[in-house]
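The values are calculated or read from the model by the stated rules, or taken from the named source; none is laboratory data. These numbers come from a predicted model, not from an experiment. Backbone-built Cβ (ideal geometry, glycine too); neighbour counts: all protein chains shown. The area values use the complete protein model at the heavy-atom level, side chains included, leaving out ligands, DNA and RNA. Shrake-Rupley method; radii C 1.70, N 1.55, O 1.52, S 1.80 Å.
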Amino acid sequence: MALKLNLIAAVCENMGMGKNNNLPWRLKTEMAYFTEMTSRTLSDKKQNVVIMGRKTWDSIPSKFKPLPNRINFVLSRSDLDLNQYKDTYAFKSFDEMIDKLNNEKFQEAYEKIWVIGGSHIYKMCLDNKYFHRLYLTEIKKTYDCDIFFPQLGDKFVEVEDSEIPKGIQQENDVQFVYKVFETKK
Ligand SMILES: NC(=O)c1ccc[n+]([C@@H]2O[C@H](COP(=O)([O-])OP(=O)(O)OC[C@H]3O[C@@H](n4cnc5c(N)ncnc54)[C@H](OP(=O)(O)O)[C@@H]3O)[C@@H](O)[C@H]2O)c1
């Protein structure tokens, strides 16, 4: 099975995506979209893998860890002990993680792969041969951020996806739109 890395991220108008190791905004609808997209499987016997960097893992409140109904992969160069967490794995390198995803036995356990941040992990995956799609929520507002989504450049093109909500979404005074990008053919 050829691996397909799907990235999912939310950015504001300056491409900011985080502040003080947290999200700069609180958008319940957008969070529900993230949960639905990363959790949904065709087979009820399988789960999706969510890949994240150690700082993103740290940013998730304890009561929500590991992200439920998903197989959690955490990248860290230090010795992370995640044994207390169900279906959660730590990897010291991207290649080590790819080996696990390519393992035939393990492939029976998962359906889709979702890369959920942060910035360094997105950059690695956008440049990777296994990159498949970027699901990007564009928030129509500027927030104070200290971490930014990598520059997309012109090698990506927006594509249609019938499974994502169309048009402008709104929560309180904040508008946002769900988009999907692939590499230009
Ligand atoms: N808006 C969004 O959609 C979104 C999504 C996710 C996160 N965020 C935000 O982004 C921020 C966190 O992102 P971040 O970019 O600062 O950090 P991050 O990518 O989540 O984590 C960085 C850490 O990942 C580990 N790492 C990175 N590359 C690695 C590699 N090749 N091999 C092994 N380990 C590797 C290192 O951990 P060690 O230091 O342990 O070695 C590194 O310090 C937070 O503010 C969070 O709220 C936003």
**Message:** Give all pairs with beta carbons closer than 9 Å in which a residue from region 38-55 that is closer than 19 Å to residue 10 by Cα meets a residue that is within 11 Å of the ligand (Cβ to nearest atom) and open to solvent by 70 Å² or more (accessible area, probe 1.4 Å); count only pairs at least 6 apart in sequence or on separate chains.
**Reply:** 53/120; 54/77; 55/21; 55/120
**Message:** Where the second residue is near the ligand (Cβ under 7 Å from one of its atoms) and in a loop (DSSP other than H, G, I, E, B) and the first is more than 10 Å from residue 139 (Cβ to Cβ) and lies in region 1-26, which pairs have Cβ atoms under 7 Å and are six or more apart or on separate chains?
**Reply:** 8/116; 9/117; 18/118
**Asked** Picking from 14, 20, which residue would you name as being within 8 Å of the ligand (Cβ to nearest atom), open to solvent by 30 Å² or more (accessible area, probe 1.4 Å) and within 26 Å of residue 174 (Cα to Cα)?
**Response** 20
**Request:** Sort out which residues of region 132-141 are open to solvent by 10 Å² or more (accessible area, probe 1.4 Å) and either near the ligand (Cβ under 9 Å from one of its atoms) or more than 12 Å from the chain's Cα centre (by Cα) (or both), and write them in order of number.
**Result:** 132, 138, 140, 141
**Prompt:** Looking only at residues in region 53-92 that are among the small types (Gly, Ala, Ser) and more than 14 Å from residue 118 (Cα to Cα), which one is farthest from the ligand (Cβ to nearest atom)?
**Reply:** 62
**Request:** Return the only residue of 144, 95, 99 being among the acidic types (Asp, Glu) and near the ligand (Cβ under 10 Å from one of its atoms).
**Result:** 95
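For (1) acidic (Asp, Glu); (2) touching a residue at least 24 places away in the same chain (Cβ under 8 Å), each residue gets a yes or a no:
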site: 130; (1), (2): no, yes
site: 135; (1), (2): no, yes
site: 143; (1), (2): no, yes
site: 148; (1), (2): no, yes
site: 152; (1), (2): no, yes
site: 158; (1), (2): yes, no
site: 167; (1), (2): no, no
**Asked** Which residue, of 157, 115, 180, 174, is β-branched (Val, Ile, Thr) and under 22 Å from residue 88 (Cα atoms)?
**Response** 115
**Flag for residue 52 being touching a helix residue (DSSP H, G or I) at 6+ places or on another chain (Cβ under 8 Å) and open to solvent by 30 Å² or more (accessible area, probe 1.4 Å)** = no
